[in-house]
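Asker: Have a look at this one.
Quick note: the coordinates plus some simple rules give every number you see, no bench work behind them. Here the structure is a predicted model, which is why all the values come from computation and not from measurement. Every residue, glycine among them, receives a Cβ derived from its backbone with ideal geometry; neighbour counts consider all protein chains shown.
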Amino acid sequence: MDKLFLRAKPWMLFIPLFLPYVYQGVARGAWMDGLNAVITLDGKVGTTRAVEDMMGGLARFVSLYAIIYAVALLVTLGWQWSVVKRLHGSLPPGTGLKRKNFAVAVGLYLVAATVMTYLFTQVYSVVYSLYRWGAMESDELNESFTGFTSWFGVAFLCGILMFGLTIYLNYFVGKLIRSVELGKPARGSDYLGYSLLSYFLVIGVWILQPKVQRYLASGTTAKPGDESVW
């Protein structure tokens, strides 16, 4: 797997990473058109059909976006995993970066993301079903959401966990690459920029991927005769 990610051209990784942003923008525009149609009708004949079309479009958007986002997430984690697998053995002593801790963090992140996705789909499914049954303004809606309290609590905890793990994973990758590049343990500001590039991988892939590839090919991340920071 590491060869697949680390041999890829930056643009090959960029496409799946950037696609969620493109699709989100296009789908949001289409959904807003549907919402405007509902507002324009304002209870007139055809309003119910317009709302159904809007809700159906939203359901399709959520389903497809979940798939696209999952692909982007797997590309991100796959690339990070590959970098750690190939470069960890080149770390200078004293960095404190343990590959086992990284693996545990990735595993926990995937579990939390799976739980979050499941909870979101369940909540949306109930809300959409209640609307179709004409129960949006009845006591049935409140009864259905009574059991959601614990769901939201779990979702909140998963969100906090994912946020912390995201910070750790990008800290790990940024410090790893920078420490290998310097030949000594990177400190604070040394690797902050690399960690940010790992977090915003849709941008960072254009900088970090060539560096990793040059290191694997020649033992150095720098271009011959290049004295620039990146």
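Asker: Take each of the peptides 107-115, 171-179, 95-103, average the number of other beta-carbon atoms within 10 Å over its residues, and list them starting from the highest.
Answerer: Going from most to least packed, we get 171-179, 107-115, 95-103.
Asker: Could you check the spin-label model distance between Tyr65 and Val111? Points 7 Å from the Cα along Cα→Cβ, value in nm.
Answerer: Label at Tyr65, label at Val111, 2.8 nm between them.
Asker: Additional query: How much length, in nm to one decimal, is gained on full extension between Lys184 and Ser90, taken as 0.36 nm per residue of separation minus their Cα-Cα distance?
Answerer: Length gained, Lys184 through Ser90: 32.8 nm.
Asker: On to the next question. Calculate, in nm to one decimal, what Phe163 and Leu4 gain on full extension: separation in residues at 0.36 nm each, minus their alpha carbon distance.
Answerer: Going from the current span to full extension adds 54.5 nm.
Asker: Something else: Suppose each label sits 7 Å from its Cα in the direction of the beta carbon; what would the Phe120-Ile203 distance come out to in nanometres?
Answerer: Spacing of the two 7 Å Cα→Cβ label points: 2.3 nm.
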